[in-house]
1. How far, in degrees from 0 to 90, does helix B:198-212 lean away from the longest principal axis of the Cα atoms of chain B, to the nearest 10?
2. As I understand it, the value is the acute angle between the Cα axis of helix A:305-320 and the longest principal axis of the Cα atoms of chain A; what does it come to in degrees, rounded to 10?
3. Would you work out the charge dipole size for chain B about its Cα centre, treating the Cβ of every Lys and Arg as +1 and the Cβ of every Asp and Glu as -1, and quote it to the nearest 20 debye?
4. So if I place +1 on the C-beta of Lys and Arg and -1 on the C-beta of Asp and Glu, and nothing else carries charge, what would the dipole magnitude of region A:181-254 be about its Cα centre? I want it in debye, nearest 20.
5. Count neighbours as other Cβ atoms within 10 Å of each site's Cβ, and list the GluC sites (Glu not before Pro) in region A:1-54 that are DSSP loop with at most 11 such neighbours.
6. Could you give me the ³J(HN,Hα) list for region B:345-357, computed from phi with Karplus coefficients 6.51, -1.76, 1.60 and θ = phi - 60°, whole Hz, x at Gly and Pro?
7. Using a Gaussian network for chain B with springs between C-alpha atoms less than 10 Å apart, which of these wobbles most: B:98, B:72, B:375?
8. Computed FRET efficiency, Cβ-Cβ of residue A:429 and residue B:42, R0 35 Å: what is it to the nearest 0.05?
2 protein chains.
Amino acid sequence: LRIGVAGLGTVGAGVVEVMTRNRAVIEARAGRAVVLAAVAERDEARLAALDLGETAVFTDAMALASSEAIDVFVEVIGGAEGIAKASVEAALGAGKDVVTANKAMLAKHGTALAQHAESCGRTLAYEAAVAGGIPIIRGLREGLPANRIREVHGILNGTCNYILSTMRTTGRAFADVLAEAQRLGYAEADPAFDIDGIDAAHKTALLAALAFGMQVDFASVYVEGIRAISALDVEYAEALGYRIKLLGIVRQSGEGAAAAIEQRVHPCMVPIDSAIAAVEGVFNAVIVDGDAVDKVLMTGRGAGAGPTASSVIADLVALARGQRLPTFGVPATALAPMRTVPIEDRRGAYYLRLMVMDQPGVIADVTSILRDCGVSLEAMMQRRHDPDKPVPVVLTTHATVERSMKQAVSAIAALKAVAEPPALIRIESF
Amino acid sequence: LRIGVAGLGTVGAGVVEVMTRNRAVIEARAGRAVVLAAVAERDEARLAALDLGETAVFTDAMALASSEAIDVFVEVIGGAEGIAKASVEAALGAGKDVVTANKAMLAKHGTALAQHAESCGRTLAYEAAVAGGIPIIRGLREGLPANRIREVHGILNGTCNYILSTMRTTGRAFADVLAEAQRLGYAEADPAFDIDGIDAAHKTALLAALAFGMQVDFASVYVEGIRAISALDVEYAEALGYRIKLLGIVRQSGEGAAAAIEQRVHPCMVPIDSAIAAVEGVFNAVIVDGDAVDKVLMTGRGAGAGPTASSVIADLVALARGQRLPTFGVPATALAPMRTVPIEDRRGAYYLRLMVMDQPGVIADVTSILRDCGVSLEAMMQRRHDPDKPVPVVLTTHATVERSMKQAVSAIAALKAVAEPPALIRIESF
């Protein structure tokens, strides 16, 4: 099997390195030769850094995509559009199988690309696109096909999990920890993609399509990042027996024609003794809840050259073994459009932190509003007193509908004694 | 694809139930009809308990194995020999693919059966044989084929993990908790198979063969169960920052011709903050350490009708999709004999608990023996004093070779002041 790797950044270089180092075991498991036939890269320094031996070097990914020299095109260039997408389309059109780590591209164009691959009789594989080295695509598609999937949730972005973990263990503020993460290389210079939840949302959209056999619908994923999480909320979470995690959650409600899918990415408070709460630092984790298997958890490294290469090569070995599976578990033409549940219909508990002037009657006003909106209080906590400055008041609710909660929060925010926009965090118990 | 299920015990009934309930999603993912064509079972009550519709009923598993009515033979009868093995051999010989949950049979005859399957051009699949519903066979073979596997370790027996977890949370004695587990149905009436580590050893032997592409060598797995674990050791473990887990561990040392494999099952003290320590109760967990991916952890239910059926059906869907993989990851004829490392060569730290008469000079005698055997002490703890009764003295060592440790322990056991056989538990840090 002749492989062409387009893009020799961190991931591409990792693929070349692992393929070379572990060639003997990889070929024994693949049952045939798996050869790095060609690469495409313009950066001389990147090319010089690798021992490419007799591998052909292209400067143009498009030329590699349709080259006679390869059977499989590995796209590790990145970007939802542009050369990445054009080269993947070209490779499929030229009869190549495609392996990609590009979640942004698949989140936006996954259905069309899967259909294109299918019409060309080719395979579009993407183990590396979700949760790095964790074999979650195979775990779900090949490991759990007996199950009606009830829910998948996970920590899908290591940068956010590192920041939240560090905020918790050090008590430091978000901006401070983010700056440190940037210095350490755990966060990009432009961190928006990670900390605003976009990257996790791309992966969430792919997990939803695969879990429920529906078209990828990134546009309808509800996304909320971690910028607004304060040290105070992290501290209160701990006091209440929770940890704050940025989770991607997909869940099915209803069956058949009435089936609707929740797809959302937002900070969650999860019970401190839950499996997902224990996943700290840069690690990723995915929990699949199936009706036969109950819950299966997989954790591991969600990024980095080695783990991502491990997943790219898993796809190559599957192709070498002749395993051709539909991209999203069922034929691309059979993927139904996804009917999604708006976030306003989310039902669950909430954490609400207010900064209020410590004066008589405020709490009565707040609790009246909650009552009027049909929101039932579970607990309330006011630990500090100060006659001159706003003090935090924390409330948790019983399960309620988000619409009612939001209504209550806007009314509360409008109270004169409420000094800052309230902090609202969803509580998820799983 | 026409399926025949031999044995309608808990697992077989679970397979029938899940196949029936989830037929629509299973067939969508399989890309074709997956039909329960026949079952083999003599017990009328078991047959009556299931809605078998038009499924043919055999009373003889051997007749089912070679029946024209099926394409795949599912062996969920159990037992390493006898009808289970004979029917699997017959099915392969008759050109059927075989799916089994039978770890005892595979641990003892896995290499021969894999070779038989290969010579018949058939597939022998066994996702359900290791860690129940956790798709660890696929996780390892399909998910991580890029990796040189450094180590696999796991909690492979839910009964033992339930007993150890309960001993820890309640402080109760082994025998007491075992009796309770039997009442609750978490342990068998004859618990030896589980608590003596045999069941975990079967699974460990399969993981070793798969991880390293070698012949299954159950006979050389070192096995030690949990009968000797006392409430006192559980308490001291906690005080020292450890938890006691029964683990199956496989590890490679050396490369190529010098490669040797450690295969062992025994109680371990693991750091309280390690991922494996957090897996409590009846759950199973497997951690794979690969050179590219680093560590991937999978946890879930290791037994029960639903989880086991989930894994059996995963194998059926793979067959329906035409996925034919060598049983142990590489062709059965290419599996090298396993050169194993004797337990005496294990290198690591140890926990040693002595019951000694509290008299001058005892500790000096013990520490001299350790020094003479080349064992370096890490810590010592003696919390109780009693002039009349033996009191516990606990020691932990730095990494040492088991041979030296055992030498020291026999010399220590022979001391007059040492009242009981010493308790020795291996410390594993991973």
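1. Relative to chain B, helix B:198-212 is tipped by roughly 70 degrees.
2. The two axes meet at around 50 degrees.
3. Result for chain B is approximately 620 debye, rounded to the nearest 20.
4. Working: 6 positive and 10 negative charges, 50 e Å.
It works out to roughly 240 debye.
5. Those satisfying the criteria are A:54.
6. Per residue, the Karplus-derived 3J(HN,Hα) values read 8, 4, 10, x, 8, 9, 10, 10, 10, 10, 10, 10, 6 Hz.
7. B:375
8. On the way: r = 45 Å, r/R0 = 1.29.
With R0 = 35 Å, the Cβ-Cβ based efficiency is 0.20.
A short reminder: the numbers here are calculations on the coordinates, not readings from a lab. The shown structure was predicted, so the numbers you read here are calculated from the model rather than taken from an experiment. Backbone-built Cβ (ideal geometry, glycine too); neighbour counts: all protein chains shown.
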